[in-house]
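K.L.:
Provided herewith is a single structure, encoded as structure tokens, for subsequent inquiry.
The values are calculated or read from the model by the stated rules, or taken from the named source; none is laboratory data. For clarity, every value in this text was computed on a predicted model and none was experimentally measured. Because the Cβ atoms are built from the backbone with ideal geometry, glycine has one as well, and the counts that use them run over all protein chains shown.
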Ligand code: GUN
Ligand code: ZN
């Protein structure tokens, strides 16, 4: 008895990167279908063709709803769930006033388990099926996150946040313990189920050179892992980095000189980059992660999507919860559009969707596993209602193309637009 299921609905998938190939890179079917078997997409095409080819297969008819790859949030802090939308501070004050006191609580495994489960359920309700998240300095916070992900069979990327200075008592490790704990967690979790361990120095102001060096050594021993951190988010932060590392050529150099720059590096924000930083990031083909709701919420600045994609940088999209003001990748696409407008470059809906799916997957080096409706990839997908509120419906009603129909949901949609989320071919029960 086969477990194959044929899902009918509108479908959108990418054959190439729309930033380079234009809108033609996306394929839309008004009456499309995806065949899912053993947790993978087996075939994608027109409903008529696939029904004929698989006449006995169980059908799930999603009507006019749009089947999209599950969204991939390429940078978040799950431990900041409880302090999302905290008022009135900029980066360094925000970290000290809201973030660090909250992260302190994750030494308590019961609390960490509670938040990790709640966070994962928030993601799934928003159509997000994968995330790359910072945890806290506590190994228990990593165990809690991977346990919650494993229980839901989600593909996740996470690591212990390392900090051995400029953080309060109780929220610092050391160069040695950061190395030892990260290594033990990596050995326990990396490659188990759908879990990937990510080496995670928070950012250079909260790590001594000794700690950065230790984590660079760990990465050299495990080059198969990703490494995530923050880069050039706010001007005050950059000044601080320069005063802490007077020998460094620039902010990126504080990572580069300790072995923390290469192709599998993920650099969150990357707003105020100098020319040398841009050319080094491009040379090594590192990933830049755009966090638009965070950049406006904390007042950080405007990411140069146009210039960076034109120069061939790999870019992913992220919420940066809880510096970001939403768990939603729809809202993140909307904010990326608004920042694009402020920079004089309106991003096309195909580009926004790319960033939230296949683009983030490429940035996380997992584009051969998730991020597209492509045969052979894992069947993580979301079912989107393009008329989820009366206000969206009346606008979408006038649409003459799929992009015009989708854009009101990108700009105005929320979890009401997410009708269903499927992970590795299994439907997730979402809250009503
Ligand atoms: N830089 C260092 N840590 C953080 C964090 O938690 N959030 C944001 N937005 N920036 C950071
Ligand atoms: Zn962050």
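The rows are residues; the columns are (1) in contact with a strand residue (DSSP E or B) (Cβ under 7 Å, 6 or more places away or on another chain); (2) at pLDDT 95 or above; (3) more than 16 Å from ligand 2 (Cβ to nearest atom).
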{"position": "146", "(1), (2), (3)": "yes, yes, yes"}
{"position": "154", "(1), (2), (3)": "yes, yes, yes"}
{"position": "157", "(1), (2), (3)": "yes, yes, no"}
{"position": "204", "(1), (2), (3)": "no, yes, no"}
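K.L.:
Restricting attention to the stretch 255-268, report how many residues are under 21 Å from the mean Cα position of the chain (by Cα) and away from ligand 1 (no atom under 16 Å from the Cβ).
P.N.:
4
K.L.:
So in the stretch 108-144, with the set limited to residues that are assigned to a loop (DSSP other than H, G, I, E, B) and touching a strand residue (DSSP E or B) at 6+ places or on another chain (Cβ under 7 Å), which one is farthest from residue 321 (Cα to Cα)?
P.N.:
Checking each candidate, the answer is 137.
K.L.:
If we keep just the residues of the stretch 44-81 that are away from ligand 2 (no atom under 16 Å from the Cβ), assigned to a helix (DSSP H, G or I) and in contact (Cβ under 8 Å) with a residue 24 or more places away in the chain, which is surrounded by the fewest Cβ atoms within 10 Å (Cβ to Cβ)?
P.N.:
Among those that are away from ligand 2 (no atom under 16 Å from the Cβ), assigned to a helix (DSSP H, G or I) and in contact (Cβ under 8 Å) with a residue 24 or more places away in the chain, it is 51.
K.L.:
Please work out if residue 319 is within 13 Å of ligand 1 (Cβ to nearest atom) and surrounded by 22 or more Cβ atoms within 10 Å (Cβ to Cβ).
P.N.:
Considered against the rule, which asks whether it is within 13 Å of ligand 1 (Cβ to nearest atom) and surrounded by 22 or more Cβ atoms within 10 Å (Cβ to Cβ), residue 319 comes out as yes.
K.L.:
On to the next question. Could you list, in sequence order, the residues of the stretch 238-259 that are buried (at least 24 other Cβ atoms within 10 Å of the Cβ) and either more than 24 Å from residue 133 (Cα to Cα) or within 16 Å of ligand 2 (Cβ to nearest atom) (or both)?
P.N.:
251, 255
K.L.:
Next question, about the same structure. Looking only at residues in the stretch 235-254 that are closer than 25 Å to residue 306 by Cβ and in contact with a helix residue (DSSP H, G or I) (Cβ under 9 Å, 6 or more places away or on another chain), which one is farthest from ligand 1 (Cβ to nearest atom)?
P.N.:
By that ranking, first place goes to 250.
K.L.:
Something else: Could you please give the count of residues in the stretch 84-95 that are more than 10 Å from ligand 1 (Cβ to nearest atom) and either over 17 Å from residue 234 (Cβ atoms) or free of Cβ contacts under 8 Å to residues at least 60 places away in the same chain (or both)?
P.N.:
Residues that pass the stated criteria total 5.
K.L.:
Kindly state which helices (runs of 4 or more DSSP H) lie completely within the stretch 342-432 and contain at least 1 residues that are within 23 Å of the chain's Cα centre (by Cα) and surrounded by 17 or more Cβ atoms within 10 Å (Cβ to Cβ).
P.N.:
Result: 349-354, 360-363, 402-412.
K.L.:
Sticking with this one: Conditions first: (1) within 13 Å of ligand 1 (Cβ to nearest atom); (2) surrounded by fewer than 21 Cβ atoms within 10 Å (Cβ to Cβ). Residue 228 passes all but one, so which condition is the exception?
P.N.:
With (1) within 13 Å of ligand 1 (Cβ to nearest atom); (2) surrounded by fewer than 21 Cβ atoms within 10 Å (Cβ to Cβ) applied to residue 228, the lone miss is (2).
K.L.:
Which one is farthest from residue 304 (Cα to Cα), of the residues in the stretch 1-30 that are over 24 Å from the mean Cα position of the chain (by Cα) and not in a strand (DSSP E or B)?
P.N.:
1
K.L.:
Here's something else I'd like to know. Might you let me know whether the stretch 170-192 holds any residue that is touching a residue at least 12 places away in the same chain (Cβ under 8 Å), crowded, with 17+ Cβ neighbours inside 10 Å, touching a helix residue (DSSP H, G or I) at 6+ places or on another chain (Cβ under 8 Å) and farther than 23 Å from residue 258 by Cβ?
P.N.:
yes
K.L.:
Across the stretch 292-333, what is the number of residues that are more than 16 Å from ligand 2 (Cβ to nearest atom), without any contact (Cβ under 8 Å) to a residue 60 or more places away in the chain and not in a helix (DSSP H, G or I)?
P.N.:
6
K.L.:
Quick one: is residue 30 modelled with pLDDT under 95 and surrounded by fewer than 19 Cβ atoms within 10 Å (Cβ to Cβ)?
P.N.:
No; evaluated as a whole, the condition is false for this residue.
K.L.:
Within the stretch 151-169, can you find the residues that are touching a helix residue (DSSP H, G or I) at 6+ places or on another chain (Cβ under 9 Å) and outside any loop (DSSP other than H, G, I, E, B)?
P.N.:
Within the stretch 151-169, 151, 152, 155, 156, 158, 159, 161, 162 meet the criteria.
K.L.:
Would you be able to say whether some residue in the stretch 96-107 is within 11 Å of ligand 1 (Cβ to nearest atom), part of a helix (DSSP H, G or I) and over 17 Å from residue 233 (Cβ atoms)?
P.N.:
Yes, the stretch 96-107 contains at least one residue that is within 11 Å of ligand 1 (Cβ to nearest atom), part of a helix (DSSP H, G or I) and over 17 Å from residue 233 (Cβ atoms).
K.L.:
Picking from 289, 271, which residue would you name as being assigned to a loop (DSSP other than H, G, I, E, B), closer than 26 Å to residue 361 by Cβ, within 16 Å of ligand 2 (Cβ to nearest atom) and within 24 Å of the chain's Cα centre (by Cα)?
P.N.:
271
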